[in-house]
1. So how strong a dipole does the range 652-789 carry about its Cα centre when Lys and Arg Cβ are +1 and Asp and Glu Cβ are -1, to the nearest 20 debye?
2. Put a dot 7 Å past each Cα toward the Cβ at Val485 and Leu116; how far apart are the dots in nm?
3. Spelling out what I want: for every residue of the range 349-355, take phi, set θ = phi - 60°, compute 6.51 cos²θ - 1.76 cosθ + 1.60 (Karplus), and round to whole Hz; glycine and proline get x.
4. Would you kindly state how much longer the chain becomes between Leu764 and Thr204 on full extension, computed as 0.36 nm times their sequence separation minus their alpha carbon distance, in nm to one decimal?
5. What per residue convex hull volume, in Å³, comes out for the range 652-789 when only alpha-carbon positions are used?
6. Ranked by accessible surface with a 1.4 Å probe, highest first, in what order do Arg330, Arg385 come?
7. Which ³J(HN,Hα) values in Hz, rounded to whole numbers, follow from the phi angles of the range 407-423 under the Karplus curve 6.51 cos²θ - 1.76 cosθ + 1.60, where θ = phi - 60° and Gly and Pro get x?
8. To the nearest 20 Debye, how big is the dipole of the chain about its Cα centre, given +1 on the beta carbon of each Lys and Arg and -1 on that of each Asp and Glu?
Amino acid sequence: MGRKTGRDDTFWLREDSDKRRIRDAENARRNRQEINTALTHGKISRRDLVKWGLFSTAGTIATIGGLSPFVKAQTPSFSGGGGSRGCGSARNDGGGGTNNNGIPTGLPASPLFGALAFTQPMPRFDVLQRLTLAQLPGPFPTLQANTTQQPLNPGIVGGRTGQFGPVEGRPPGPGWAHQFAPFNSFPPSVCYSNPVAGVGPNNTYNPTVPSVENSGIVATNTFQARFHPNMPIQSPNALWTYGGSLPPKLLQVRYGEPVLIRQYNNLAPNITANNGFGRYTLTTHEHNAHHGAENDGFTGAYYWPGQFYDYYYPWVLAGFRTINTGATDRRAGAPDGSGGITNVPGDYRETMSTHWFHDHMFSFTAQNVYKGIAAMNNIYSSLDRGNEGINDGVNLRLPSGTTNDYGNLDFDVNLMFADKAFDSTGQLTENILAFDGFLGDVMTVNLAYRPFLNVYARRYRFRMLNAAVSRFFVFALANAAGNAVNFTQIANDGNLLPQTVVLQQTDQMGIAERYDIVIDFTNYHSGDILHLVNLQQHASGEEPGQILTLAQALGTGNCDPCVGPCLQFNVIGPPPQQDQSVDPSGINNHGIPLIPNPVMPASIRTRQFVFDKGASQDDPNQITAYQGTGRWGIATENTGGTRNRTGGSALRADFGRISSQPSYGTVSGKSEIWVLTNAGSDWDHPIHIHFEEGQILSRSDGPVSPAERGRKDVYRLHPGGTVTVQLQFRDWGGTFMEHCHNTMHEDNAMLMRWDLDTGAAPFLTPLQTPVPTPQGVSFIQPFEILPNA
C-alpha cells in the first residue's frame, strides 16, 4: 500500500517507508493546510508565498522543512508519476471505512463512515421552477444594470458601517446591457430565481419523474445535504450550491423562448465562512450558450453577497441575423407546447442540447465549482424535443418519454461525475495548493457516493458531464460477467453528432466535456445488474495516466480509488409503456445521421495559442492580473509567441489584457483557424473557448475521433499535441475568454481574454475592463492589447 505525498501531488510514499519520512510528510501536509486557509480567507496572497520563499516563482513548493516532504531525501520512494506511468500502490477497496490507504493530493484519505458502494439510489436532478415576470422576486428586470443603492453588510467592507452599493452586480452602462434588441419590447417570458447559498435541507425537491423512475426516492421527503446516508450532513460553509440544496439543479429551456435567471448571491458575508476553500464573490458561466458577453459569466464581472445578477438568455440559433431569417425551416424550431413546432431564425445545424453552468470567479473557479456551484441545462428544439412519441419528420425521437409536449425526463437522465475529498469530520475539503491539479479519492455521481439507478428494460439517454477539477474519465459499460457492452454516443459537448458512434468505451473525457450516450437495456431482465466503469487511472492532476482494460478496472488492487465501477444499473423489468424511441445504433451498428456540421465560411486568419509552463506577468494590477505562484500561461500571436514586456513568451492570466480580437463575421461571413498547442510533454489541457462552437480539422497526434467530429467547445490537448480548430464569430459582441478547463491550471493562471468588436458602439475596441467592488463597478482601460491581436 502507499501514502501519497504533496509534491505536485503525483505519487505515494509506500507504507513500509521510513516512519520519520511519513511523519515529516504528515507535518508538511498540516502546515500546507494552514497556508490553504490563510490564502482562501484573503489573509495572504499567492505573491506573499513567493516573497517569503515558501513557493518558487514557477509555482513549486520550496524545499523547506515542515513544508515539503523532500528535505531529508533527494529521491523518495514512489511508484507513479505523470503520463502513462502507474499511480502507486494505494488500493481502491470500494467498501466501507477508509477509502484507500494512500494520502491523495496532500490530504489524508477520506473517511467513508461505513458507506458501501451501490447502497444508495442516485438522485435525479432537481428541476428549477419556471416563474413569470410577476413571480420573480425583487425589482423588475432592466436593460442596463440596476444601480439602485442598498446598504452593504459590514462583513464585505472590512467592518465599516453606513456603506452602500448597487442591488445588481452586473457592470453598469451600455457595454453590459442585454444585447438582444427586443429586450424591452420582447421581455423574457420565463424567469428563474436561482440563489447560490450554503446547503441546507431540500423540502421542495422537483425531479419531475415518479418515485419508481427515481430509484425509489420520494420527492416529498426532505432531501438532506450529504453524499451518502452514512456520511455526515454537509455544513453550509463546506458545500455551496445553486438553490442552496442537493441534488444538483437542472434548467430546462427551449429555443425561441427568452429566459432571465436572477442569480442571487446568498453566501455568508464573511470571507472566512468557507471551511478553508472557496471565495464568496461569484460570476456564472452558461457553458457554452450563444448569447452576448454580458451574460457569459466573464471572470472579471463578479458580484458580492447581498447582490443579484440578471442573466438574460434569448436562446437563439447561431447565425440568426443572416441565415433562415424568415424562419421557414422547420428544423430550426422549438416545441410549441401543443405537439407542433414554433419556427425560429438561424442555422438548424447549430442546434445545442446539453449544457451546464458553473461559477467562473477569477482565480477561484476550481474552488467554487468543486464546492458545488455547478448545474446542468437541457435545451429543447424541434430536432431534439424530449418527446420520443412525436413523429413529425423533424423530431429525432431520442429516449425521453411522452407525457409532456417536450422535456420529458423519464428516460433522459443527467449524470454529473466528480471526484471529492473529505476531512476527518466528513466535510468536503480541497487542497488548493495543488496548482498542477487536484484529485479527490471519492467518486461521486450527481454528488452521491457510488450510487445505483433502477432502469426499465428499454433504451435510455444519459447526458454525461465531467464536473471534476482535474480528473479525466474514460467510461465503459460492463455486464454482470464483466464483459463489455455496446452503447451509442449521440452528442459531444452538447451538440448532436453528424453520425452516431457505437462504442465499448468512450474517448477520454476532459473536464467540462459532455458526452450524450444511449444505453439499450431492452434485452435484460428483472434482477440483471450492469455497471458504468471508469477506466481512466490518474497519477497526477497534471494529466491522465494509463487507460486500464475493463478487466483491470474491475479487478482489485487499483491504486487510484476513483477507478472502477461508479454507477450501478439495476434492471427492474419491462417498461410500463412501449419504448417509442429510435435506435441510434443503426443497421449493423454503423450509426445513424443526426445533425450535420455547419458549412464554415472561408477562413481569413490563422492564430496560434501555445499552452505552457514558465509563464510571466507584466501587469502589476492586483485585481485584474494573476499575481500568484502559478506557472501556467498562454502564448499568443500568429508567429508562435508574443514577446511580452518581461521578455517571456507565455503570459499569466490578466482579464485587463486583450490577447486576441477575432474577426466579427455576422455580415460578411468570416471564420478563423485557431491552432492550439500543448508545449509540454508531461501535462494535458482541456481547452475551452467561450461563446462559439468549433470544428476540429486535425490533430497532430492521430486522427480525429469519430466521436469528436461534430461541433465542440472543449478541445483536449494531449502532451506535446496540437489541435487545429475552425470557428466563426457572429451575432454578439463583447469580452470573452479562453482557458484550460483543468480549473487548477485555469486559476494558476492559464486563462486569457479575447474581445469581439462588432464595428458599432458600444462594442468598439478597446473595450473597457470592469473592476467590481461592493460599492459598485468601475472601469479602466485595458492594460495592453497584444501586438497583432
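The values are calculated or read from the model by the stated rules, or taken from the named source; none is laboratory data. Because the structure is a prediction, the values reported are computed rather than measured. Cβ: placed from backbone, ideal geometry, glycine included. Neighbour counts: every protein chain shown. Side chains included, ligands, DNA and RNA excluded: accessible areas come from the protein's heavy atoms. Shrake-Rupley method; radii C 1.70, N 1.55, O 1.52, S 1.80 Å.
1. Approximately 220 debye in magnitude.
2. Distance between the two pseudo-spin positions: 2.2 nm.
3. Once θ is set to phi - 60°, the couplings for the range 349-355 become 6, 9, 4, 10, 9, 10, 10 Hz.
4. 197.0 nm
5. Spelled out: Cα convex hull of the range 652-789, divided by residues, is 131 Å³.
6. Details: Arg330 110, Arg385 0 Å².
Descending accessible area places them as Arg330, Arg385.
7. My calculation for the range 407-423 gives x, 6, 10, 3, 10, 10, 10, 8, 10, 10, 9, 7, 8, 10, 9, 10, 7 Hz in order.
8. I would put it at about 1380 debye.
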